[in-house]
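Please read the structure below before turning to the comments.
The values are calculated or read from the model by the stated rules, or taken from the named source; none is laboratory data. Remember, it's a predicted structure, so these values are computed and weren't measured experimentally. A quick note on method: Cβ atoms are made from the backbone with ideal geometry, for glycine too, and the neighbour counts reach across all protein chains shown. Ligands, DNA and RNA are stripped out before the accessible areas are found, and what is left, the full protein with its side chains, is counted by its heavy atoms. Shrake-Rupley method; radii C 1.70, N 1.55, O 1.52, S 1.80 Å.
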Amino acid sequence: QKEVEQNSGPLSVPEGAIASLNCTYSDRGSQSFFWYRQYSGKSPELIMFIYSNGDKEDGRFTAQLNKASQYVSLLIRDSQPSDSATYLCAVKGSWGKLQFGAGTQVVVTP
Amino acid sequence: GAGVSQSPSNKVTEKGKDVELRCDPISGHTALYWYRQRLGQGLEFLIYFQGNSAPDKSGLPSDRFSAERTGESVSTLTIQRTQQEDSAVYLCASSLASSSGGRYNEQFFGPGTRLTVL
């Protein structure tokens, strides 16, 4: 079992709709959770982080965390073509090392 | 220089040659990380530095890979006797600090070095 799992996609989303991305992790002691966006051929950039159970909203992005279920998700509202990218879920483990999922490719269609 | 920089941006080498990749972290960032990303895949952790020491080298795939960091700044990743399977983008990231007790760990990534082994 991988430590951080994501559906690889591609997730096709009509422009203006909500994109829902899921991530599960195996280390129950994990405390910090991050979502990175990576455009093709570019390096990852942090878009959201969440530490506490519940929802955290930042603009069109909402991160949701459920530690009991070891599940973290990212919602993108009013999806735009510029949101087309691969979204990487990352979970902080020991020594501050981030374990990354393989990423979910999102394609927003006009 | 506000961000993490890496050099070279691209490196093409012949199988069996040694290569050295360089990372300049954001000034003041004590933690530095190396990752490898093969085409179409996620990030594979290689090694982590806190200051000049490397408490976690668990991701280095073989003894052909080594890394060092001097002066809590520049880091070099060396791959000896390169193989075709070493072809990938090598990403460096830095953060302010990282410890098992801390929670804040935003990592800023450099642009990567694309390594091609022929």
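Here are the numbers:
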quantity: Filter result for A:D83 (touching a residue at least 40 places away in the same chain (Cβ under 8 Å) and on the phi > 0 side of the Ramachandran plot); calculated: no
quantity: Matching residues in segment B:1-20 - criterion: being under 12 Å from B:G110 (Cα atoms) and either part of a strand (DSSP E or B) or out of contact with any Pro (no Cβ under 9 Å at 6 or more places or on another chain) (or both); calculated: B:G1, B:A2, B:S5, B:Q6, B:S7, B:P8
quantity: Among residues of segment A:62-82, those that are open to solvent by less than 30 Å² (accessible area, probe 1.4 Å) and more than 14 Å from A:V107 (Cα to Cα), counted; calculated: 7
quantity: Some residue of segment A:83-101 being open to solvent by less than 10 Å² (accessible area, probe 1.4 Å), assigned to a strand (DSSP E or B) and in contact with an Asp or Glu (Cβ under 6 Å, 6 or more places away or on another chain); calculated: no
quantity: Search result, residues across segment A:1-39 that are at pLDDT below 90 and closer than 30 Å to A:P110 by Cβ; calculated: A:N7, A:S8, A:G9
quantity: Sole residue being over 14 Å from the mean Cα position of the chain (by Cα) and within 14 Å of chain A (Cβ to nearest Cβ), chosen from B:G42, B:G16, B:G71, B:G59; calculated: B:G42
quantity: Every pair of residues 6+ apart whose Cβ atoms lie under 9 Å, when the first sits in segment B:18-37 and is under 19 Å from B:R81 (Cα atoms) while the second is of a type in the set (D, E) and open to solvent by less than 40 Å² (accessible area, probe 1.4 Å); calculated: B:V19/B:D86; B:R36/B:D86
quantity: Strands (runs of 3 or more DSSP E) wholly inside segment A:21-78 that include at least 2 residues being more than 14 Å from chain B (Cβ to nearest Cβ) and among the charged types (D, E, K, R); calculated: A:54-58
quantity: Residue list for segment A:79-110, filter: at the interface with chain B (Cβ under 9 Å from one of its Cβ atoms), aliphatic (A, V, I, L, M) and within 11 Å of the chain's Cα centre (by Cα); calculated: A:L88, A:A90, A:A102
quantity: Any hit, segment B:79-93, residues being under 28 Å from A:T104 (Cα atoms), open to solvent by less than 50 Å² (accessible area, probe 1.4 Å) and in contact with an Asp or Glu (Cβ under 9 Å, 6 or more places away or on another chain); calculated: yes
